[in-house]
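Reading through the structure tokens given below for one structure.
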């Protein structure tokens, strides 16, 4: 122990070293900081220079890519005859390759008409001809549209021109998951912590009111200026801030290390404390203090773990904000689990079953009730914690159907697993204590203790639920919690279940319980969400619309970029209106609105409308006078209660009027604000940020009993409507009701209000999830938890792996893995096949329905083209209205008409025919072609159909982006069904395979352990077999073999003993006869001399006596040699480790009816002894206890001052008092077949090794034998 404390001193030195480093950093940092502050100007110049170099480098690199691609295309063009259709087809194939994915390619003929292109080409024929007249050949330049800015170049060839472009900046933004941001200005600003804007034009916009702090030119490789960058602000304190942050991180890190080293040093002293409870309190205090230090230093956020330390994902005010973020929650839960593991190990080391006499029953009952109350208090805290995870988080755990989530969501899933594991461990600790009290107070019977604990806990649980004002869990989760805790505790206390199995049970139990609670509280959140939606529907949003209108007009009136657009001749005002809309609050909240850009003469230049369409009319003042200042009006829409809020502002450059920008917002009394179409534009709705799945939602609005508005995928019947309207409301004019619509259960929240004699009821309903949905939700999280559990077990296995000489897979594991592979692999293949088949059918259904609609449009247009006098546009619009089909139509390669023309006008969709479609329809001779297209990351299917209308060839396009296609089973529904049902099947397979593998391998494992016991000399072992067949015959044969071996051993011992005695007798007789003969002759000679009165008698006497003495010495030597021959085998005294040997020995009795437990708090104990003889001694002692009908044997290992004490205690029938003093005598036994050598050999062995063995106590309740061995 003293050596151990000395070894721990190194941690004290590490602690002192860490403190010194912190102090030195604190002394040096102000000096370095002062130096940095005095060099600010130098840093500013270096940063400006670096930013300029980086900007130019990016442009140069992009320019090089363009020239590299131009060279490749040029090589192909040189070998291509553009007049040859087949040659042109090869050129098409080349430019639509993946290497041109982010590069726009356009090849124009000598007249400036587009002949070959890819889908990234951004300019029309007229725009290209303008470029030809204003830009230099093979010299890069910036090319601007309203939506994007590009680096571009063109090259004049012999018979064509090539135009290439790479986008650098998007001037719009969409507030949804489909938008892909692109901004070189923002990238550089973020990289250099500056406010930088790149102007993608050669000249200045116009004189700005406040000149920028710094500008620099951007040039092409000919060193001609093509644009410039404006730096409004740059952070010159960045190095200072980085240094301060680094010093803080550095000092925090060494504070962290110092705390760890201090703890490791203190643990050596804590381990000397006799009482475990005090040790646990001190260690717990240290862990809690460590956690508080990490919280106060705010280490997670300082280390740059931005996503996981962001409180938006989870934040709770509990414990003064110590769980204010996902990473803080993780650290808190881990700290709790560490403390729980220490308490758990302490309780398990003591054991549940004891040999103590029964204690006071009343005290035991009180203790059990207190522990039960604490257990259910823990369960309440468990529920409150999971509830906080649901309600104090923006993460919607069950709304999305994606299997793998982003990092914050996955990390919160991990936190949920740890929370569940921690509380299961908590419950196991309390249950083990309850079982221990039951053992000491009521009964020793294991099953009775198990059943009594369940009954008591369930009764206390019911009482606890009744007295709670607001239970945090349901009765089911409470009963399940009790059952799981009790079962696991039973296996820990009364069986030899491995640590890995217990760990697996705790982890999966924690996962199961936490997922159930997560789903339970998520259902509660969904119900609250119905109230939120109803409140949103009822709330007047006209004031919010007023704010939006004011915000837009004031933001655009002084916007220099917009002023410049009015000055440019080629501005696409439709695109500019869209850019204004996309950068405003209107796009964030998806409000019905129109942005109009108006010329000074009050004519419309361009507009963008979102879910609100009306013709433009100037009605602000007369056409002759200019409008001054911002104006705002409210207009009622005739025949409805809806209103339009209009605001307008003039745009001026100095005193010159450039035009007007008008915004109109619709206040729709009847609209719910849900976006069923145009998902690529919409961003949010009343339910986008709450847990309800929009597909399961139904909303009805009633006024005076009449249905005036609804949002639903299924109409409501009269009886269902009547049931809703007859629902009884409470005093707050709220009600809840469950009804069935279209044979599906729904939960409805109803809100009622009265205004001007109009009773309005809003009913918001949620379709109850079916079995497949519930299974999917559960198994989605369980699958993620399972992966995490596998990683945890793998980490533990790798940690323990070096301790073993070789890696072995047990027979049971091999069987289990084989069964799982054979069972699950076909299931996975079947699910994959089913998924592929369904997806193919869905794709075929989409193609068929789109094709059918395209064919209907073609027939409709063909009839009207032949028989109607209407204009083309009128015919197209009539087809949209009559057929209900949204379509686009191309003449040659140019867009002629589209029912969704606004998206083509603003540039989100190209006006040129898709390059792949053009290649297949006009070069490869296809009549129809299906292609997947995209707006940003929103993908959709488009069906292109080539048709002849009159004498012209047209291409009709119908896509599912604007035409809703109803599928028998959507991709989401398919994933939910497959994953939910197949996961359940896989769980069942795993459970059955585990049971089957255990049933097959258990007899083999018993035989293996029994064989090892026989190998170590235990001939009393017998295995029980309750089965039938070959396994039973094998076990019976093994038992017969052991009995025969034991009988043969006894007989052989007797024969060998008899033979040895005979041989020894012969040898002794022979060896003794040799000295006896000369002794006899000498004595006879002495007698003869005496009788003859010989005068030489004295000489003869001396000679004879000398001879006799010599022969007697020979006899003594002979006796000593035979005595040495009869001694025990030589003892090999080596340093042996007792804890490991005892565990190895106890494992031999794992299949016995008697439970053998080792109780010790020491991990390693070294003594000098003979391993083989020591193990044989322990086997004999345990076997004696088993034969004395003991049900439990306790082996307690403790350390004395200079020795190690081993107490072997059992609950058998004890040793009779009259033979107590004889049991260590050789050849003494009370067994019919025993030899009486076990305890005698044990005593002799310990005597030789300076050890002792004695009976401490014995009674009809059991025996305790104490062994003491000197410590090395």
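Results, tabulated for the structure shown:
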read-out: Given (1) surrounded by 14 or more Cβ atoms within 10 Å (Cβ to Cβ); (2) modelled with pLDDT of 85 or more, index of the condition residue 27 fails; value: (1)
read-out: Selection status of residue 149, within 30 Å of residue 84 (Cβ to Cβ), modelled with pLDDT of 90 or more and assigned to a strand (DSSP E or B); value: no
read-out: Criterion (touching a residue at least 40 places away in the same chain (Cβ under 8 Å), within 53 Å of the chain's Cα centre (by Cα), farther than 24 Å from residue 57 by Cβ and not assigned by the TED database to the domain that holds residue 933) met by exactly one of 110, 146; value: 146
read-out: Index of the failed condition, residue 555 passing every other in (1) surrounded by fewer than 19 Cβ atoms within 10 Å (Cβ to Cβ); (2) touching a residue at least 60 places away in the same chain (Cβ under 8 Å); (3) in a helix (DSSP H, G or I); value: (2)
read-out: Candidates 935, 912, 889, 906, filtered to the one that is at pLDDT 95 or above and surrounded by 18 or more Cβ atoms within 10 Å (Cβ to Cβ); value: 889
read-out: Odd one out for residue 534 among (1) under 24 Å from residue 630 (Cα atoms); (2) buried (at least 20 other Cβ atoms within 10 Å of the Cβ); value: (1)
read-out: Flag if residue 848 is at pLDDT below 95, buried (at least 18 other Cβ atoms within 10 Å of the Cβ) and either over 26 Å from residue 612 (Cβ atoms) or out of contact with any strand residue (DSSP E or B) (no Cβ under 6 Å at 6 or more places or on another chain) (or both); value: no
read-out: Some residue of the stretch 1181-1192 being within 15 Å of residue 1207 (Cα to Cα) and in a strand (DSSP E or B); value: yes
read-out: Top-ranked residue in the stretch 1117-1137 [being in contact with a helix residue (DSSP H, G or I) (Cβ under 8 Å, 6 or more places away or on another chain) and at pLDDT 80 or above; ranked as nearest to residue 498 (Cα to Cα)]; value: 1136
read-out: Hits in the stretch 351-376 (condition: under 37 Å from the mean Cα position of the chain (by Cα), buried (at least 16 other Cβ atoms within 10 Å of the Cβ) and either assigned to a helix (DSSP H, G or I) or modelled with pLDDT of 90 or more (or both)); value: 371, 372, 375, 376
read-out: Number of the condition not met by residue 197 [criteria: (1) without any contact (Cβ under 8 Å) to a residue 60 or more places away in the chain; (2) in a helix (DSSP H, G or I); (3) under 42 Å from the mean Cα position of the chain (by Cα)]; value: (2)
read-out: Test for residue 543: is it without any contact (Cβ under 8 Å) to a residue 24 or more places away in the chain, surrounded by fewer than 23 Cβ atoms within 10 Å (Cβ to Cβ) and either assigned to a helix (DSSP H, G or I) or not assigned by the TED database to the domain that holds residue 385 (or both); value: yes
read-out: Residue check for residue 99: assigned to a helix (DSSP H, G or I), in contact (Cβ under 8 Å) with a residue 60 or more places away in the chain, surrounded by fewer than 18 Cβ atoms within 10 Å (Cβ to Cβ) and assigned by the TED database to the domain that holds residue 165; value: no
read-out: Residue in the stretch 473-482 that is buried (at least 17 other Cβ atoms within 10 Å of the Cβ), outside any helix (DSSP H, G or I) and at pLDDT below 90 present; value: yes
read-out: Residue in the stretch 676-696 that is assigned to a loop (DSSP other than H, G, I, E, B), at pLDDT 85 or above and over 25 Å from residue 608 (Cβ atoms) present; value: no
read-out: Check on residue 425, surrounded by fewer than 18 Cβ atoms within 10 Å (Cβ to Cβ), at pLDDT 85 or above, touching a helix residue (DSSP H, G or I) at 6+ places or on another chain (Cβ under 7 Å) and in a helix (DSSP H, G or I); value: no
read-out: Selection from the stretch 128-145 of residues that are surrounded by 16 or more Cβ atoms within 10 Å (Cβ to Cβ) and out of contact with any strand residue (DSSP E or B) (no Cβ under 9 Å at 6 or more places or on another chain); value: 145
read-out: In the stretch 74-92, the residues that are within 21 Å of residue 917 (Cα to Cα), surrounded by 11 or more Cβ atoms within 10 Å (Cβ to Cβ) and in contact with a helix residue (DSSP H, G or I) (Cβ under 7 Å, 6 or more places away or on another chain); value: 82, 89, 91, 92
read-out: Flag if residue 337 is surrounded by 14 or more Cβ atoms within 10 Å (Cβ to Cβ) and over 24 Å from residue 1194 (Cβ atoms); value: yes
read-out: Subset of the stretch 625-649 that is buried (at least 16 other Cβ atoms within 10 Å of the Cβ) and under 53 Å from the mean Cα position of the chain (by Cα) - its residue that is farthest from residue 577 (Cα to Cα); value: 642
read-out: Residue check, residue 405 surrounded by fewer than 19 Cβ atoms within 10 Å (Cβ to Cβ) and outside any helix (DSSP H, G or I); value: yes
read-out: Single condition residue 861 does not satisfy, out of (1) surrounded by 13 or more Cβ atoms within 10 Å (Cβ to Cβ); (2) under 30 Å from residue 973 (Cα atoms); (3) over 28 Å from the mean Cα position of the chain (by Cα); value: (2)
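Per-residue answers, yes or no, for (1) under 42 Å from the mean Cα position of the chain (by Cα); (2) part of a helix (DSSP H, G or I); (3) at pLDDT 85 or above:
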| position | (1), (2), (3) |
| --- | --- |
| 4 | yes, yes, no |
| 21 | yes, yes, yes |
| 34 | no, yes, no |
| 37 | no, yes, no |
| 50 | yes, yes, yes |
| 58 | yes, yes, yes |
| 74 | no, yes, yes |
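The values are calculated or read from the model by the stated rules, or taken from the named source; none is laboratory data. For clarity, every value in this text was computed on a predicted model and none was experimentally measured. Cβ: placed from backbone, ideal geometry, glycine included. Neighbour counts: every protein chain shown.
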